[in-house]
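K.L.:
Just passing along the structure, written as structure tokens.
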Amino acid sequence: QVRLEESGGGSVQAGGSLRLSCAASGRTFGNYALGWFRQAPGREREFVATVSWSGGVTYYADSVKGRFTASRDNTKNTVFLQMNSLKPEDTAIYYCGRADYEWKTADAYDSWGQGTQVTVSS
């Protein structure tokens, strides 16, 4: 069983940056895609980015493309989400999950962490 734990959230002003981390523990980490999703109050969990097991393939939601960068370091069992040029609409709880492929839907992922809050003020 893989366990994931997100960290790095916080409060920033619009235009600022944050770097989220998702650390994995338990069983094999390197053979799975890791995805980032976010959920704002009253809204469904939405896709943000996903990274293949090798780190060589990444996909992004249109709303974050060009601003966010997902990467992973399998030697440290950690996946990252670098978020630049943050906007108030990026405010949400950010989660990471595991899947067998770089899917863009939350249903394809499991082993969700507890999430980390990101708040962007205007």
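The values are calculated or read from the model by the stated rules, or taken from the named source; none is laboratory data. What you are looking at is a predicted structure, and each value in this text was computed from that prediction instead of being measured. Positions of Cβ are generated from backbone atoms using ideal geometry, with glycine treated the same way; all protein chains shown enter the neighbour counts. Surface areas here come from the heavy atoms of the whole protein model, side chains and all, with no ligands, DNA or RNA. Shrake-Rupley method; radii C 1.70, N 1.55, O 1.52, S 1.80 Å.
K.L.:
Please pick out the residue among G15, G55, G35 that is closer than 20 Å to K104 by Cα and either acidic (D, E) or assigned to a loop (DSSP other than H, G, I, E, B) (or both).
P.N.:
Only one candidate qualifies: G55.
K.L.:
What residue, of Y95, Y109, is within 16 Å of S7 (Cα to Cα), at pLDDT 95 or above, in contact with a strand residue (DSSP E or B) (Cβ under 9 Å, 6 or more places away or on another chain) and aromatic (F, W, Y)?
P.N.:
Of Y95, Y109, the one residue that is within 16 Å of S7 (Cα to Cα), at pLDDT 95 or above, in contact with a strand residue (DSSP E or B) (Cβ under 9 Å, 6 or more places away or on another chain) and aromatic (F, W, Y) is Y95.
K.L.:
Just the residues that are among the β-branched types (V, I, T) and touching a Cys at 6+ places or on another chain (Cβ under 7 Å), please, taken from region 76-114.
P.N.:
T78, V79
K.L.:
Filtering region 29-49 down to residues that are under 17 Å from Q114 (Cα atoms) and aliphatic (A, V, I, L, M), which residue is most open to solvent (accessible area, probe 1.4 Å)?
P.N.:
A40
K.L.:
Related question: So which of S85, S52 is touching a residue at least 40 places away in the same chain (Cβ under 8 Å), farther than 16 Å from T116 by Cα and open to solvent by less than 30 Å² (accessible area, probe 1.4 Å)?
P.N.:
Being touching a residue at least 40 places away in the same chain (Cβ under 8 Å), farther than 16 Å from T116 by Cα and open to solvent by less than 30 Å² (accessible area, probe 1.4 Å) holds for just one of S85, S52, which is S52.
K.L.:
Is region 101-113 home to any residue that is without any contact (Cβ under 8 Å) to a residue 24 or more places away in the chain, assigned to a strand (DSSP E or B) and not small (G, A, S)?
P.N.:
Yes, region 101-113 contains a residue that is without any contact (Cβ under 8 Å) to a residue 24 or more places away in the chain, assigned to a strand (DSSP E or B) and not small (G, A, S).
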